[in-house]
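Submitted below is the structure of interest, expressed as structure tokens.
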Amino acid sequence: MITKKIYLYFPKSETEKPIVYQLVKDYNLIVNIFRAKVTPEEEGYLSLEVTGSQEDITRAFAFLGTFDVVIHAGNKGVHWDENRCVHCGACVVHCPPGALTIVDQGTRTVTFNEDRCIECLACIAACPFGACSSAF
Amino acid sequence: MTKTYAEINEKIASGKAVVLTAEEVIAYVDKHGLENAAREVDVVTTATFGPMCSSGCFLNFGHSTPKMRISEAWINDVMAYCGIAAVDVYIGATQLRHNDPANMYHPGEFRYGGGHVIEDLVAGKKVQLFGLSYGTDDYPRREIRTMFDINDLNQAIMVNPRNCYQNYNVAVNVSDKRIYTYLGILRAKMRNMTYCSAGQLAPLLNDPYYATIGVGTSVWLAGARGIVYAQGTQHCSLVERGDNGVPVEGAGTLALTADMKEMRPEFVRGASFRGYGVSLALGVGIPIPILNPEILRRTTVRDRDIQASVIDYSTDYPEKTGKVLGRFTYEELRSGTVELMGKKIPVTSLSSYSKALKICNLLKSEIEDGHFLLSEPSQRLPLNQGMKSLTITGAAR
């Protein structure tokens, strides 16, 4: 079993289709949705984690490829801009899964571990410098 | 064993000065002893990087044809003060953008304001000037709208009435409701704690009695050569100090100025505090000349020797009760967790130690390379000065 984080963009033409349902039913994937905004007749975004066998995940990605859906592997829902970050660390306490941390106590620089991010968006309000942003 | 400013500057000019950062000097003095180190070390570099609300800049646009005496102006929709000569304006860091809803929908986002205009100017970005005037015989133009960047200006001079607070409050929220402050978001029931100081790197914590930092001291302001032009507003040296003379609360402040055209964008950053407002974070470096062993000893102050006071920002701060909930050293605060009133509280900072350390090293290189000479203050900062409160006496009849 492997887990992959994906971020999908749905153009207007594909927002009516129950894609997540099929990921579960036809491809045996365990789906953990972080954030979704898919409304009829509009474009939409979906940020989720899928767990399954490598084979099922590969088949599922091929299935997604048959739609007009843009697939981004990895965390693209929340972006941390290293150049905007001043490394004050104000975000650290507001990040529940510990994706934003100060690892080296000597240099005291902030790092962002994308894999741990659950897209709660608390960092966006906590950062005075606009270093964290959301794709949607 | 004493040295003079002239002797130290001679060594700097000939590229022979021994310069250490406020962090390096601690171990150096431990190893070599105070007297030896005072002979060898010429300069210790100190620095800080954090939000400094009392910042702003004077801009001179030059004259359009026909001429205009600008009486109201907005830069990228942020209002600038025009109650000075014709095409001079002052834009302050905390000014909100026109039509910003502020805290009407609480907590406000405050995405753009004076601090961001200053950041954009230093970054060389094009910004928009909109100006109005009532028109005079010698300045007939009544309206102006144009794009400009910092290179189009005759002068862009940063003038900050209060920077580099010697020490600062540590904030918590004892109430049962989340609050939004200039020290960040404070969760209810003391579920987090914030501080804002570079601790052992901070300029005035390394010179607690203002022996070398005074009016006329050369400073590194966001990469530009600047100067301390006055005591900072709210400079209040008459405060409680630890056994080592280091204040345990705000205390001294500096008024700084420098040419914005020489600044580096990395160290001039607009800031948005949710529910509070906009500000400007600045990087400041100040060299301390090692004139004698006593001055050197003060620069060896460590995070574990510097205490800061915890204040409740839900009641005691706004109501000015003066109550202090506890004291912690910066070593304890930097550890990430402290225990207060029987509760373990996570601690974070609004000041960037990493940027402050970078500034200490940048200033060190500039001095080692002979590019940055020290200046002797023409006036010392007041040592026995308190701070007044504002008494509300009612309106004039």
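What follows draws every value from the coordinates through simple rules; no lab data is involved. Treat the numbers as computed from the prediction; the structure is a model and nothing was measured. Please note: Cβ atoms are built from the backbone with ideal geometry, for glycine as well, and neighbour counts cover all protein chains shown.
Averaging over every viewing direction, what projected area does the convex hull of the Cα atoms of chain A cover, in nm²?
Result: 9.0 nm².
Can you give the charge dipole size of segment B:154-233 about its Cα centre, rounded to the nearest 20 debye, using +1 on the beta carbon of Lys and Arg and -1 on the beta carbon of Asp and Glu?
Here the size comes out at about 420 debye.
Counting Lys and Arg as +1 and Asp and Glu as -1, each charge on the Cβ, what is the dipole of chain B about the Cα centre in debye, to the nearest 20?
1000 debye
Please average, across the residues of B:346-352, the number of beta carbons from any other chain that are within 10 Å of each residue's own beta carbon, and give a whole number.
6
Name the residue from B:N151, B:T194, B:G232 whose Cα lies farthest towards the positive end of the charge dipole of segment B:148-252, charges +1 on Cβ of Lys and Arg and -1 on Cβ of Asp and Glu.
B:T194
Restricting everything to alpha-carbon atoms, can you work out Rg to Rh for segment A:78-134 with a Kirkwood hydrodynamic radius?
Computed over Cα atoms, the ratio is 0.91.
For a quick size check, give me the Cα extents of the protein assembly as shown along its three principal axes, largest first, whole Å.
Rounded to whole Å, the extents work out to 83, 71, 58 Å.
Divide the volume of the convex hull of the Cα atoms of segment A:2-73 by its number of residues and quote the answer in cubic angstrom per residue.
Given the Cα convex hull of segment A:2-73, per-residue volume reads 70 Å³.
Which value in deg cm²/dmol, rounded to the nearest 500, describes the helix-derived mean residue ellipticity at 222 nm for chain B, given -39,500 (n - 2.57) per DSSP H run of n ≥ 4 and division by the residue count?
-4500 deg cm²/dmol
Roughly speaking, what is the centre-to-centre gap between segment A:64-123 and segment B:170-185 when only Cα atoms are used, to the nearest Å?
Computed from Cα coordinates, the inter-centre distance equals 24 Å.
Report the one residue of A:P97, A:I19, B:A222 whose Cα lies farthest in the direction of the positive end of the charge dipole of the protein assembly as shown (charges on C-beta: Lys and Arg +1, Asp and Glu -1; origin at the Cα centre).
Checking the options against the dipole of the protein assembly as shown, the answer is A:P97.
Sorted from largest down, what three extents in whole angstroms do the Cα atoms of chain B have along their principal axes?
70, 59, 43
Moving to a separate point now. Within a 10 angstrom radius of the beta carbon, how do A:K76, B:K31 rank from fewest other beta carbons to most?
If I rank by nearby Cβ atoms, fewest first, I get B:K31, A:K76.
What does a probe at A:K4 reach in segment A:12-46, counting residues whose amide N is under 15 Å from the point 7 Å along Cα→Cβ?
Answer for segment A:12-46: A:23-24, A:27-32.
With a cut-off of 8 Å between alpha carbons and a minimum separation of six or more residues, what is the relative contact order of segment A:2-73 in percent?
So the answer I get is 46 percent.
What fraction of the Cα pairs in segment B:246-364, stated in percent, has a spacing above 22 angstrom?
Considering segment B:246-364, 53 percent of its Cα-Cα pairs are separated by more than 22 Å.
Take B:H98, A:H94 and order them by how many other Cβ atoms sit within 10 Å, fewest up front.
Lowest to highest Cβ neighbour count: B:H98, A:H94.
Give me a single rounded figure for A:80-87: the average over its residues of other chain Cβ atoms within 10 Å of their Cβ.
So the per-residue partner count for this stretch is 3.
Can you pull a Stokes-Einstein diffusion coefficient for segment B:35-125 at 37 °C (0.692 mPa s), Rh from Kirkwood over Cα pairs, as a whole number of µm²/s?
205 µm²/s
Gain in length, B:T146 to B:E35, computed as 0.36 nm per residue apart minus the alpha-carbon separation, to one decimal in nm?
33.9 nm
Here's a follow-up. With +1 on the Cβ of every Lys and Arg and -1 on the Cβ of every Asp and Glu, and nothing else charged, how large is the dipole of segment B:274-367 about its Cα centre, in debye rounded to the nearest 20?
The calculated dipole for segment B:274-367 is roughly 160 debye.
Picking from B:V159, B:V78, B:V239, which is most flexible by a Gaussian network model of chain B using Cα springs under 10 Å?
Result: B:V239 has the largest fluctuation of those listed.
Compute the orientation-averaged projected area for segment B:324-383 from the convex hull of its Cα atoms and round it to one decimal in nm².
Over every viewing direction, the Cα hull of segment B:324-383 projects on average to 7.1 nm².
Next question, about the same structure. Here is the link list: A:K37/B:K177; A:K17/A:K37; B:K11/B:K31. Which ones come out longer than 19 Å on Cα distance?
The pairs that break the limit, which is 19 Å between Cα atoms, are A:K37/B:K177; B:K11/B:K31.
A further question on this structure: Step by step: find N for segment B:296-341, compute 2.2 N^0.38 Å, then divide the Cα radius of gyration by it. What's the final number?
It is 1.40.
If you don't mind, there's one more thing I want to ask. Can you pull the percent of Cα pairs in segment B:6-164 with separation above 24 Å?
Of all Cα-Cα distances in segment B:6-164, 53 percent exceed 24 Å.
For segment B:152-294, go through all pairs of different Cα atoms, get the mean of 1/r, take its inverse, and jot down that Kirkwood value in Å.
Here the Kirkwood hydrodynamic radius works out to 16.7 Å.
Ignore the peptide's own chain and count Cβ atoms of other chains within 10 Å of each Cβ in B:181-192; give me the average, rounded.
Taking all residues of B:181-192 together, the mean is 2.
Taking the beta-carbon count within 10 Å as an exposure proxy, list A:E82, A:E49 from fewest neighbours to most.
A:E82, A:E49
Oh, and also: Per DSSP H run of n ≥ 4, the term is -39500 (n - 2.57); total these for chain A, divide by its residue number, and report the mean residue ellipticity at 222 nm rounded to 500 deg cm²/dmol.
Taken over chain A, the calculation gives -5500 deg cm²/dmol.
Moving on. On a straight-distance basis, which aspartates and glutamates could pair with B:K344 in a cross-link, Cα separation under 19 angstrom, same-chain partners fewer than 8 positions away excluded?
B:D176, B:D312, B:E331, B:E332
On to the next question. Got the relative contact order for segment A:15-136 handy, in percent, Cα pairs under 8 Å and 6 or more residues apart?
Relative contact order comes out at 22 percent.
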